[in-house]
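Q: Below: one structure in structure tokens.
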Amino acid sequence: MKAVFVTRYGPPEVVEFREVRTPAPGAGEVRIRVLAAAVTAADWRLRSGILPRGFGVLSGIALGFGGPRKGILGTDAAGVIDAVGAGVTRFRIGDAVLAFPGIAMGGHAEFLVMSAAGCVAPKPANLSFEGAAALPFGGMTALDFLRRGQVQVGERVLVNGASGNVGSAAVQLSKDLGAHVTAVCSAANAALVRSLGADEVIDYTTCDFAAGKERYDVVLDSVGNAPYGRVKRVLASRGRLLAVFADLPAMLGAAFVGGKKSHRVIAGPASERVEDLIRLTALAAQGKFRPVIDRRLPFERIVEAYRVVDSGRKKGSVILWLDPRATLAE
Ligand SMILES: NC(=O)c1ccc[n+]([C@@H]2O[C@H](COP(=O)([O-])OP(=O)(O)OC[C@H]3O[C@@H](n4cnc5c(N)ncnc54)[C@H](OP(=O)(O)O)[C@@H]3O)[C@@H](O)[C@H]2O)c1
């Protein structure tokens with residue numbers, strides 16, 4: 001099979017296409033023929049080695065020194081089950097699925113083997129394979145943080161970075177939870193975030209939400225420029241900062257936040273649970289969650305895809321298609 005390898009940290013050009021043996025599923029595993037995959041912020045971090053402040057040595061131990069130990073990156077994929085290992089009952093050959101290998105990676109290849117009990121779910125019939133590949137990373141992260149933040153009906157939620165992959169999911173999922181949502185993005189993305197359900201939009205290029213009069217029950221920061229010290233003034237009593245992007249000092253400091261207003265800071269890696277993936281596919285099937293696609297490029301143009309992701313300016317996901325059927329829903 002054709003796969004993209006990253007063996008040393010560096011710019012988009014470090015990626016290498018290689019022909020390798022197609023993996024066979026073991027007992028309890030399924031093999032997915034990948035029709036579409038996303039290039040996500042996690043892929044960018046693992047390819048570039050650019051990690052939030054303080055994670056250098058820790059990430060070297062966990063992810064690899066000099067280059068990612070994983071070799072084949074790719075957190076999100078969608079395709080068709082083409083082989084099943086012994087004992088698999090959850091899926092059959094021919095099933096259309098989406099998968100979130102997540103930190104295990106492996107989506108940037110023609111075939112992906114995963115545990116049948118892992119983050120694999122039937123693809124909603126109303127999403128193309130490309131749309132399905134755009135769902136997991138942002139959706140799983142936003143869902144996990146909003147749950148940890150215990151967002152309630154009627155609460156005021158501000159999403160910083162609302163046009164990104166995590167942010168665009170957070171806007172939609174907060175609306176589904178019954179929150180009043182303020183989206184922070186540039187003016188160019190205002191119409192997009194309104195179409196996702198945002199009630200208010202703040203253009204960060206002309207207005208600093210942290211200096212405003214509004215108070216928020218929850219601030220979700222997926223940009224990394226809204227640490228607690230900046231946002232505490234606009235957090236309501238019992239307010240929560242969901243620090244999707246947090247460096248190590250901010251993560252360690254989260255435990256010491258509180259004070260008279262009983263604020264909380266929630267940080268750390270999002271969990272990877274198949275129940276969440278299934279819930280997101282159900283919301284997508286009901287039209288309550290629409291994964292945003294910035295652009296779609298053929299697999300061979302992954303360097304170009306990475307350049308867009310590296311810019312930090314993409315809307316939702318950048319999608320690679322490996323097969324012309326990727327645009328189809330069935
Ligand atoms: N904790 C975890 O487990 C976890 C999980 C997933 C992701 N993350 C981290 O979360 C971060 C976001 O990931 P992502 O995939 O959502 O990123 P992304 O899609 O690359 O975010 C890009 C978006 O950010 C917006 N943006 C840039 N600067 C901004 C600013 N100053 N104010 C408001 N919006 C701004 C851009 O909009 P404009 O073009 O309008 O500027 C663009 O639409 C990454 O650092 C990632 O590593 C953490």
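Q: Please give the number of the condition residue 147 fails out of (1) under 19 Å from residue 279 (Cα atoms); (2) touching a residue at least 12 places away in the same chain (Cβ under 8 Å).
A: (2)
Q: Further question on the same structure: Conditions: (1) under 30 Å from residue 79 (Cα atoms); (2) more than 10 Å from the ligand (Cβ to nearest atom); (3) among the aromatic types (Phe, Trp, Tyr). Residue 216 meets all but one. Number of the miss?
A: Going through (1) under 30 Å from residue 79 (Cα atoms); (2) more than 10 Å from the ligand (Cβ to nearest atom); (3) among the aromatic types (Phe, Trp, Tyr) one by one, residue 216 breaks only (1).
Q: Name the strands (runs of 3 or more DSSP E) wholly within the stretch 259-330 that hold at least 2 residues that are of a type outside the set (Val, Ile, Thr)?
A: By residue number, 293-298, 317-321.
Q: Now for a different question. Would you mind finding the one in 239, 316, 287 that is in contact (Cβ under 8 Å) with a residue 24 or more places away in the chain, under 18 Å from residue 174 (Cβ atoms), small (Gly, Ala, Ser) and within 16 Å of the ligand (Cβ to nearest atom)?
A: That would be 316, the only listed residue that is in contact (Cβ under 8 Å) with a residue 24 or more places away in the chain, under 18 Å from residue 174 (Cβ atoms), small (Gly, Ala, Ser) and within 16 Å of the ligand (Cβ to nearest atom).
Q: Identify the single condition in (1) surrounded by 24 or more Cβ atoms within 10 Å (Cβ to Cβ); (2) in contact with a strand residue (DSSP E or B) (Cβ under 8 Å, 6 or more places away or on another chain); (3) hydrophobic (A, V, I, L, M, F, W, C) that residue 201 does not satisfy, given that it satisfies every other one.
A: (1)
Q: Given the residues 246, 267, which is the only one that is modelled with pLDDT under 95, crowded, with 16+ Cβ neighbours inside 10 Å and under 19 Å from residue 102 (Cβ atoms)?
A: 246
Q: Now for a different question. Would you check if residue 48 is among the hydroxyl-bearing types (Ser, Thr, Tyr), closer than 23 Å to residue 2 by Cα and buried (at least 16 other Cβ atoms within 10 Å of the Cβ)?
A: yes
Q: Pull up the stretch 154-182, narrow it to residues that are within 11 Å of the ligand (Cβ to nearest atom) and among the small types (Gly, Ala, Ser), then point me to the one that is nearest to residue 224 (Cα to Cα).
A: Looking at the filtered set, the residue picked out is 161.
The values are calculated or read from the model by the stated rules, or taken from the named source; none is laboratory data. All values reported here derive from a predicted model rather than from experimental measurement. All Cβ positions, glycine included, derive from the backbone under ideal geometry; neighbour counts span all protein chains shown.
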